[in-house]
Amino acid sequence: MTIDSHQHFWQYDPHRHSWIGENMSLLKKDFLPDDLQMELNKSGVTGSIAVQADQSSEETMFLLELSEKFDFIKAVVGWVDLRSVDLKEQLDRFTASEKLAGFRHIVQDEPNDNFMLGSEFQRGIGMLAAYDFTYDILIFPTQLSAAIQLVAKFPQQHFVVDHIAKPDIKAGEIDSWKKSMAVLAGNDNVWCKLSGLVTEADWTQWKYQEFVPYLDVILEVFGPDRVMFGSDWPVCLLGGTYSDIRLIVDRYIEDLSPAEKEQIMGLNAMEFYGIM
């Protein structure tokens with residue numbers, strides 16, 4: 001089974017999706033399951049993980065409702081306010097949702113690079129493992145230090161880094177990111193998604209070879225058993241088609257063993273998110 005570990009759906013709203021700037025105008029429309037299913041079918045992808053793009057309880061319910069209607073949506077990564085005083089009650093209710101696998105906070109938009117080290121946020125993270133909920137880490141490289149401290153404090157919590165922590169591929173910045181990712185990967189409760197590459201490069205002029213040094217780092221420090229393919233559709237459309245995104249990963253892993261390819265292209269996502 002081939003699984004896309006990272007994609008989004010939305011019914012476009014200028015206020016709710018204010019992060020979609022004028023340079024992203026092609027994203028200013030609805031992107032729904034019927035649209036993605038065509039892409040998955042063309043690329044031979046069996047299913048996907050729907051990840052939140054808006055920080056609201058309505059977003060989580062929206063994705064769960066879609067997952068009930070479309071079987072190819074194998075799991076949902078929703079949003080909950082991890083700093084809420086009634087978080088336990090919310091998590092208790094969420095356990096009734098079979099396809100809700102975990103949560104994500106858009107930490108990259110937080111002005112404080114140490115946001116994840118806040119006591120209220122950490123209290124919330126500390127409650128997830130008891131419910132077997134995962135946590136997606138969405139950060140910029142400047143927030144890697146906080147991520148390293150966070151994952152070390154919660155060794156029983158399963159974390160996955162989205163978009164390889166968004167290094168500046170366009171500028172070729174790699175050294176400090178590489179060191180931090182090696183430290184982060186030293187925690188065996190942390191996984192990583194091969195996603196979001198083209199949007200950190202030049203959207204119109206990227207070349208495959210630009211991604212190789214970054215992919216080399218991820219495969220070396222995480223290994224093939226903690227890495228998973230993700231498209232970041234439809235955001236990826238800023239830099240290429242769905243097929244383009246899949247081909248980057250396919251080309252990179254072409255010399256790996258069949259078993260390792262299966263892990264990266266599906267089995268790891270299934271294990272991490274508890275897909276049967």
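A compact table of results
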{"read-out": "Nitroxide proxy distance, nm - points 7 Å out along Cα→Cβ at Ala130 and Met61", "value": "2.5 nm"}
{"read-out": "Relative contact order computed over the stretch 125-275 (Cα-Cα under 8 Å; 6+ residues apart), in percent", "value": "21 percent"}
{"read-out": "Spread of Cα-to-Cα distances over 10 Å intervals beginning at zero, given as percent, for the stretch 134-223", "value": "17, 54, 23, 5, 0"}
{"read-out": "Net length gained if the chain between Arg123 and His17 were fully extended (0.36 nm per residue, minus Cα distance)", "value": "35.3 nm"}
{"read-out": "Spherically averaged projected area in nm², based on the convex hull that wraps the Cα atoms of the stretch 82-235", "value": "9.5 nm²"}
{"read-out": "For the stretch 106-145 and the stretch 151-200, distance of Cα centres in Å", "value": "13 Å"}
{"read-out": "Qualifying trypsin sites (Lys or Arg not before Pro) in the stretch 115-210, DSSP loop, other Cβ atoms within 10 Å at most 14", "value": "Lys170, Lys207"}
{"read-out": "Neighbour-limited loop hits for GluC sites (Glu not before Pro), the stretch 75-170 (at most 13 other Cβ within 10 Å; DSSP other than H, G, I, E, B)", "value": "Glu98"}
{"read-out": "Residue of Met228, Met116, Met265 that the Gaussian network model of the chain assigns the largest fluctuation, springs spanning Cα pairs under 10 Å", "value": "Met116"}
{"read-out": "The chain, relative contact order in percent, only Cα pairs under 8 angstrom and at least six apart counted", "value": "20 percent"}
{"read-out": "Antiparallel content of DSSP bridges confined to the chain, in %, to 5", "value": "5 percent"}
{"read-out": "Residues of the stretch 183-276: accessible area per residue with a 1.4 Å probe, Å²", "value": "41 Å²"}
{"read-out": "Kirkwood Rh and Cα Rg combined as Rg/Rh, the stretch 28-118", "value": "1.02"}
{"read-out": "Derived scalar couplings ³J(HN,Hα) [the stretch 243-260; Karplus, 6.51 cos²θ - 1.76 cosθ + 1.60; whole Hz; x for Gly, Pro]", "value": "4, 4, 5, 5, 5, 4, 5, 4, 5, 5, 9, 4, 9, 6, 6, x, 5, 5"}
{"read-out": "Helix-only [θ]222 nm of the chain, DSSP H runs n ≥ 4, -39500 (n - 2.57) each, per residue, nearest 500", "value": "-10500 deg cm²/dmol"}
{"read-out": "Contour minus Cα-Cα distance for Ala152 and Asp255 (0.36 nm per residue)", "value": "33.8 nm"}
{"read-out": "Mean Cα-pair separation over length for the stretch 70-172, i.e. relative contact order, pairs under 8 Å, 6 or more apart, %", "value": "27 percent"}
{"read-out": "Accessible carbon and sulfur surface of the chain relative to its total accessible area, %, 1.4 Å", "value": "49 percent"}
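The values are calculated or read from the model by the stated rules, or taken from the named source; none is laboratory data. Please read these numbers as outputs of a predicted model, since none were measured by experiment. Because the Cβ atoms are built from the backbone with ideal geometry, glycine has one as well, and the counts that use them run over all protein chains shown. Heavy atoms of the whole protein, side chains included, go into the accessibility calculation; ligands, DNA and RNA do not. Shrake-Rupley method; radii C 1.70, N 1.55, O 1.52, S 1.80 Å.
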